[in-house]
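Here the structure is laid out as structure tokens; the discussion comes afterwards.
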Amino acid sequence: MRSCKLIALHKQAQATGRRVNRVHRLSRRCLSGIAAKDDIKPKLPNKQDFVTDRLLPGEWDDERLDPIDNPPFRSNAKIISEEDFANRPMVGHGEEFSSMSDAMTTLSWLSTKDADAIYDLYLKMMTKMAEKKEDGTGGVTSHEYVTRVIAQKFNISSARVAAVIQLAHNEDQIRKEGGVLHYELANWVDQRCQEHIQKAYEAYREEPPEGFVEDPKGVAETGGDNLPGGDERVEDIYDIDAMIEDMLLREKDEARIHIDNHTYIEDEDESLREVKVDGNSKKLLKTSAKHKSENHHERAKDFTPLPESGREEHRPRTKFVAQVIDTRKEKEKNKDKWRKTKSARKTAQRKVEGNCLVEEDGKLRVATVAEVKATSWKPTRNAKEFTYSDVKKGWIDRVVHKKQGTWGRFEETREVDVHKVSSDFGVTDMFSPPKEMVKKVETDDDVVLDSSDEEGSSSDEDGSSSDEGGSSSDEDNDKDN
């Protein structure tokens, strides 16, 4: 059955002239062992100066826009292949998998030390990229490129790297503001998760993964291959192994060309970059300026809302944003919309619309990218750019606007041991939280621990003492009488 499907895919690709969307991942994992052929195209260098590392292909995303969306599965913990997991018998006497390998499951935990290593590498790369060369070139940075390089170094997804650096940036800002970070609690959670993973693998007599591992494609029947269904009669003249090898080499070639030709998003202040405008928008701007100069006259101070009138309080002006649309071009654009491929439509949805004008304080000007992204016709959100938006804004404020304290490491002002695990949490069952809810009340000298039981007992003692005080006051009143 599998051979028939592969042959059908190969014949379909030859007939349509298009490459196959998905190749069997069991064979794809053997991609590194296949020697390159002479017909593979050479590397196409990226034109951006800051790109120095050539990234390796990984797993495609579901929309087939990113060939390194998920890293290749590399771990000492063995799991079943995607094909065997998808073709497992759905009906049986057992309700659970017999091992972690049969369940295609890997239990791993990204510890605090690994997260700190990722954040430190991010800081070093960004600082080095911002340095200009002797000839005056360089200094251009890209968070997208840095996250992809770090992700390949640690063999994790770039989306996870974006989340790690954003959370680490948030912790640095909390340190700068003098907030409290619970290091001991974080280390306690790390130890408990590692113990849980170790005991889970010991129960199945398997070897746990040495570090954090991303789930491969095909887990829980997600991201599977889009193989054509049905049967097809074929002759025995096809060499299945040669066809699989040819398909793998072609997909490897396609992924490498996609990576080498990818244009990374450069870091820039979107509030300073204007959108593109055509001749109609430029003509409207000139007409507006001419009309304003001909009809310009000073208004009475009592009626003007502008601050130059000398009034301390003035009516706030509303900012208006409009998009100039050529209906004739729009009709032609809509005709060719569905002729494009799915990837081309997805790419077009992420572009910022042009021909946007802003009227603010009586002046008409071209809108900026930041203003367009706040409108109803804003482009489709880039998930990774949105994830590290705060740390990217802090970096731009530091480099472009020369602000201090918006990006980078901030040392802890208090004397704490970052890698210490407090015994105050106690040794409890891994599958249940600590027995007492620990509340830390910081004082100048020590740390006071109050449990819920102690609060209840102290309240009872206060109540009894108040009752005794009340009885003594009654006795005093009787004596006076």
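Are there any trypsin sites (Lys or Arg not before Pro) in the range 117-176 that are in a DSSP loop and have at most 13 other Cβ atoms within 10 Å? List them by number.
Passing both the DSSP loop test and the Cβ count: 133.
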Task: Overall form of the range 154-212 per C-alpha gyration tensor (a/c, 1.5; a/b vs b/c) - done: oblate
Open item on the list: Can you give me the solvent accessible area of residue 396 with a 1.4 Å probe, rounded to the nearest 10 Å²?
Closed with: 20 Å²
Task: Isotropically averaged projected area of the range 42-166, using the convex hull of Cα atoms (one quarter of hull area), nm² - done: 11.4 nm²
Open item on the list: Using each residue's phi in the range 153-169, evaluate 6.51 cos²θ - 1.76 cosθ + 1.60 at θ = phi - 60° and report the 3J(HN,Hα) Karplus result to the nearest Hz, with x for Gly and Pro.
Closed with: 5, 9, 6, 10, 6, 5, 5, 5, 5, 4, 5, 5, 5, 5, 5, 5, 5
Task: Whether the range 122-182 is rounded, prolate or oblate, judged on the alpha carbon gyration tensor where a/c under 1.5 counts as rounded - done: oblate
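The values are calculated or read from the model by the stated rules, or taken from the named source; none is laboratory data. In this text, all values refer to a predicted model and were calculated from it rather than measured experimentally. Note that we place each Cβ from the backbone using ideal geometry, even for glycine, and neighbour counts take in every protein chain shown. When the accessible area is computed, the model is the full protein with side chains, heavy atoms only, and any ligands, DNA or RNA have been set aside. Shrake-Rupley method; radii C 1.70, N 1.55, O 1.52, S 1.80 Å.
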